[in-house]
Amino acid sequence: KWEDDITFSVKMLAQDGRAARYDEIRKIAKYSYRYDVPEKKRQLLAILSSLQSRKDNHPPSEHKFAIQFAQVDVSLLGEYEISVNYENNKDISLAMQTDNGRYTDRILLESDICSIGATSCLTLYKGKRNINGLEVSEWLINQKTLVTTYPTLEYIFELAIHEDKKEGRSPLKLSMYYKVDLLKPDGMLSEAELVSLWQHITRTIKYNSPDA
């Protein structure tokens, strides 16, 4: 689909298990080798017709779910997981992830975000704060790795909202990563600059419920 100079591509898996060689297996396992091509085609066309272009810095319309440069009717997605990654010209990496699954396997403040093999790991901040009415969990660290040929100082900042998935709200996970080459530190961003940038980014977070 092409709209406002944006191309949308949707891929969907379908099964066509009508071949006679699967008949005996279907007698044992009723839902094996199904035929759901017409159903999947209807779903695919519904999603494509619902996709609309959206400026990436604009919120989605009512009952719409935002994806990069677009929005889509959330009722058509079923269970989803969406991630978006950005990297700017200062080599700062940002990653955002959300889903509407029922379970979570990692609670931020109860886990360990220090990388295996790090020589040292220092917590700059760990705790909760309120952003635009949202209770946010945060963990900011720096870690040194000195045992390699290229010693580095890495900054890993992580944030989580609604990670317990209460009240049916989708969680948001945000992380920022930056690496300093300790052999060539000139021109690299300072710790204070990174923390200031993180605070500037996170203070813009707002929850926009698709059911509002």
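Sticking with the crude label model, points 7 Å out along Cα→Cβ, report the distance from ARG102 to TYR22 in nm, one decimal please.
For ARG102 paired with TYR22, the spin-label model returns 2.6 nm.
Run the quick spin-label model on ALA14 and SER196: label points 7 Å from Cα toward the beta carbon, then report their separation in nm to one decimal.
5.6
With a 1.4 Å probe and all protein chains kept in place, how much accessible area does SER32 have, in Å² rounded to the nearest 10?
40
Measure nothing but the geometry: give the 0 to 90° angle between the long axis through the Cα atoms of 37-50 and the longest principal axis through the Cα atoms of the chain, rounded to 10°.
Helix 37-50 sits roughly 50 degrees off the main axis of the chain.
Roughly speaking, to the nearest percent, how much of the chain's 1.4 Å accessible area is carbon and sulfur?
51
Just to verify a number: FRET efficiency for LYS165 and SER61, C-beta to C-beta distance, R0 = 22 Å, to 0.05?
Working: r = 24 Å, r/R0 = 1.10.
Efficiency at R0 = 22 Å is approximately 0.35.
How big, on average over all directions, is the shadow cast by the Cα convex hull of segment 108-194, in nm²?
Working: hull surface 26.9 nm².
Average of the hull's projected areas for segment 108-194 equals 6.7 nm².
GNM on the chain, C-alpha springs below 10 Å: top fluctuator among LEU48, LEU153, LEU13?
Result for the chain, Cα springs under 10 Å: LEU13 fluctuates most.
Could you please report the charge total around ALA14, scoring K, R as +1 and D, E as -1 over all other residues with beta-carbon less than 14 angstrom from its beta-carbon?
Details: positive: LYS11, ARG18, ARG34, LYS40, LYS41, ARG42; negative: ASP16, ASP36, GLU39.
Residues near ALA14 contribute +3 overall.
Whole number in Å², please: accessible area per residue of the chain, 1.4 Å probe, ligands, DNA and RNA not counted. Don't jump to the answer; show the numbers that get you there.
Working: 14230 Å² over 212 residues.
Using a 1.4 Å probe on heavy atoms only, each residue of the chain averages 67 Å².
In square nanometres, what is the average projected area of the Cα convex hull of segment 25-75? Before the final figure, lay out the partial values.
On the way: hull surface 18.9 nm².
Reported value for the Cα convex hull: 4.7 nm².
Tell me the net charge near GLY127. Cut-off is 14 Å between Cβ atoms, GLY127 excluded, with +1 for each Lys or Arg and -1 for each Asp or Glu.
Working: positive: LYS126, LYS128, ARG129; negative: GLU110, GLU135, GLU138, GLU158.
Here the charged neighbours net out to -1.
How compact is segment 1-99 by the rule of thumb for globular proteins, expressed as Cα Rg over 2.2 N^0.38 Å? List each step's numbers first, then the result.
Numbers: Rg = 18.7 Å, N = 99, 2.2 N^0.38 = 12.6 Å.
After normalising by residue count via 2.2 N^0.38 Å, the value is 1.48.
Nearest 10 degrees is fine. How inclined is helix 191-202 to the longest principal axis of the chain, computing both from alpha carbons?
In the chain, helix 191-202 runs at an angle near 30 degrees to the longest axis.
What is segment 12-159's relative contact order, in percent, from Cα pairs under 8 angstrom and six or more apart in sequence? Please list the in-between numbers first.
Details: 193 pairs, mean separation 16.9, N = 148.
Result for segment 12-159 is 11 percent.
How do ILE28, ILE113 stack up against each other in accessible area, from largest to smallest, with a 1.4 angstrom probe?
Details: ILE28 155, ILE113 15 Å².
My answer, sorted largest first, is ILE28, ILE113.
The values are calculated or read from the model by the stated rules, or taken from the named source; none is laboratory data. Bear in mind that the values here come from a model prediction, so they are computed numbers and not experimental data. Here Cβ is always computed from backbone atoms with ideal geometry, including for glycine, and neighbour counts include all displayed protein chains. Each accessible area value is taken on the protein alone, full model and side chains, heavy atoms only, with ligands, DNA and RNA left out. Shrake-Rupley method; radii C 1.70, N 1.55, O 1.52, S 1.80 Å.
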